[in-house]
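The values are calculated or read from the model by the stated rules, or taken from the named source; none is laboratory data. Keep in mind that this is a model prediction, so the values were computed, not measured. With ideal geometry, Cβ positions are generated from the backbone for all residues, glycine too; neighbour counts draw on all protein chains shown. Heads up: the accessible areas ignore ligands, DNA and RNA and are worked out on the full protein's heavy atoms, side chains in. Shrake-Rupley method; radii C 1.70, N 1.55, O 1.52, S 1.80 Å.
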Amino acid sequence: MTADSCEAAAPILEVRGVVKDFPGQRALDDVSLTVRAGDIHALLGENGAGKSTLIKIVTGVYRADGGEILVGGRPVQFTRPHDAQTAGIAVVHQHGNLVPNLSVQENLALGEALPRRLGAFVDWPEVRRRAADLLSRMGLSIPGGALVSSLRPDEAAMVSIAKAIATDARLIILDEPTTALLPREVELLFGHMRRLAGEGHGFLYVSHRLSEIFDVATSATVLRDGRKVWSVGRREDLRREAVVAAIVGREKSLAAEAPVSRMPRSEGPPVLEVRGLSSARVHGASFTLRTGEILGLAGLPGSGAEETLDLLFGRQAPEAGEILVGGRSRRFASPREAVAAGLALVPKDRLAEAALGGFSVRENVSLPSLGRLLTDPLTRFVRRGAERELVSGVVRRLNVRATGIEARMDSLSGGNQQKAVLARWLGTGARVYLLNSPTAAVDVGAKAEIYRLLAQLAEEGAAVLFTSTEVEEFPRLCDRVLVFRSGAIAGELGCPDITEARILGLAVGLADSGRAA
């Protein structure tokens, strides 16, 4: 399909003046956008801007209260997700739509009418043939019989897209597909997307990683507070300054993009000392974390950086080594003991490991502080007034946007859920914060707020141990960075040597990238 024919054809998707109301809130107000064949259209905005609501309307989960949706130039009204799928729209969510303990070919067949032999038995040779044809079409050299759990993250992402293609989808909606991918894997995914776009498919692409948007998107729409505030239809009009200003508002854009800076501080005393810490994936890690310091642990996935946080918090038992907190040797048999010693952990996957979706913000935030909110240890009644005061205070401090502290956690946007997870530890008076990718899948405005909070915690005397999959965050935040490679600390970087190039150089084993450990 040539560019001229794509432009002449009706758009794959048109959203015209869509309105969506929830009790007490207008989630979408007169929103419009267009996705044409060959487009990779970025849908951008802060958490809570309306992106998820719009996707749910386009995919038939919600019904709009106003406006219209056209697919291939024809008005449609979806009452269920199956209607959208039948119309050629598929969605690949952030956490995937695959079953890990089934094979690739079984996943590709899920939801489809299985071929039959003799009218009763599943024709497995035909299932395998269809899967092989689809994988070949996608340019994927993945065995159809391989378990999804054995795939690399980029391969799993592409199998999810292949599953969408199997339904004859012309519009593929990708919601944060690169959260768990390495830079090399992201490029592989983008290559497949560009090829499919060249074949006439269209993409609606949601990501908070702005660098990816400028790499792959051909057009974009920005939502803020439920309204469309900016849109461009040409790649050359995608400019970072304009995008950031549209997402967060011009009055906030400079603050959101500016590096975090802190006044020079005198070196504080050690609060955490690690000596020869070892496990199956960490080999002899030794370092000191001081009060008022933000220390980065960098490295590729599986390098030992993330695993070190789990060892420190008692989520895994070390095989050797010593941990000292405030000069006292500690061995944590559980996270509960780590919390009692003044440690706090924000895990990488807030949905699976931190946020309790069916509970209120109050219940989520007060959870680790309940012990000191009890009337007495026998009756174990919680002093509700004190609990509400505690939660309200830390929620205000972190600017958690919710209808109130009794709002369900899963009603909050991703960025506000993450801020609520951080808020729970402010109430404990923790001295050491262990943070694993605390800004993953949050928007640029929420990132800036989290950055400022971490800097403030350090200025107030807390110590922060920070790791992230986004290498550009280390120069912004950290006083020092330890780079892991193959389970060991490969080198240490201090200001002004903390750069993305030096971090990646140490992580992959290039010489002269920094001071060797």
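Mind checking whether some residue in region 127-135 is open to solvent by less than 80 Å² (accessible area, probe 1.4 Å), aliphatic (A, V, I, L, M), outside any helix (DSSP H, G or I) and not assigned by TED's automatic domain parsing to the domain that holds R194? Among the residues of region 127-135, not one is open to solvent by less than 80 Å² (accessible area, probe 1.4 Å), aliphatic (A, V, I, L, M), outside any helix (DSSP H, G or I) and not assigned by TED's automatic domain parsing to the domain that holds R194, which makes the answer no.
The set of residues from region 337-361 being under 19 Å from E307 (Cα atoms), surrounded by fewer than 17 Cβ atoms within 10 Å (Cβ to Cβ) and modelled with pLDDT of 90 or more comprises just one member, E337. Screening region 16-60 for residues that are in a helix (DSSP H, G or I) and in contact (Cβ under 8 Å) with a residue 24 or more places away in the chain and picking the one that is most open to solvent (accessible area, probe 1.4 Å) gives S52. On the given criteria, is A305 within 30 Å of L223 (Cα to Cα), modelled with pLDDT under 95 and among the hydrophobic types (A, V, I, L, M, F, W, C)? No: the conditions fail for A305. Within region 136-194, the residues that satisfy the criterion of being at pLDDT 80 or above and polar (S, T, N, Q) are S136, S141, S149, S150, S160. From the list S141, S211, the lone residue that is exposed (fewer than 14 other Cβ atoms within 10 Å of the Cβ), among the polar types (S, T, N, Q) and under 27 Å from V244 (Cα atoms) is S211. In this entry, P368 is excluded by the filter for residues that are farther than 21 Å from L277 by Cα, assigned to a loop (DSSP other than H, G, I, E, B) and not assigned by TED's automatic domain parsing to the domain that holds P301.
Restricting attention to region 292-320, and to residues there that are in a loop (DSSP other than H, G, I, E, B) and small (G, A, S), which single residue is farthest from G268 (Cα to Cα)? Only one residue fits best here, namely G302. Against the conditions (1) within 25 Å of the chain's Cα centre (by Cα); (2) open to solvent by 50 Å² or more (accessible area, probe 1.4 Å), E112 satisfies every one except (1).
Conditions tested, residue by residue: (1) open to solvent by less than 10 Å² (accessible area, probe 1.4 Å); (2) more than 19 Å from N97 (Cα to Cα); (3) out of contact with any strand residue (DSSP E or B) (no Cβ under 8 Å at 6 or more places or on another chain).
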residue	(1), (2), (3)
A169	yes, no, no
L174	yes, no, no
T179	no, no, yes
T218	no, yes, no
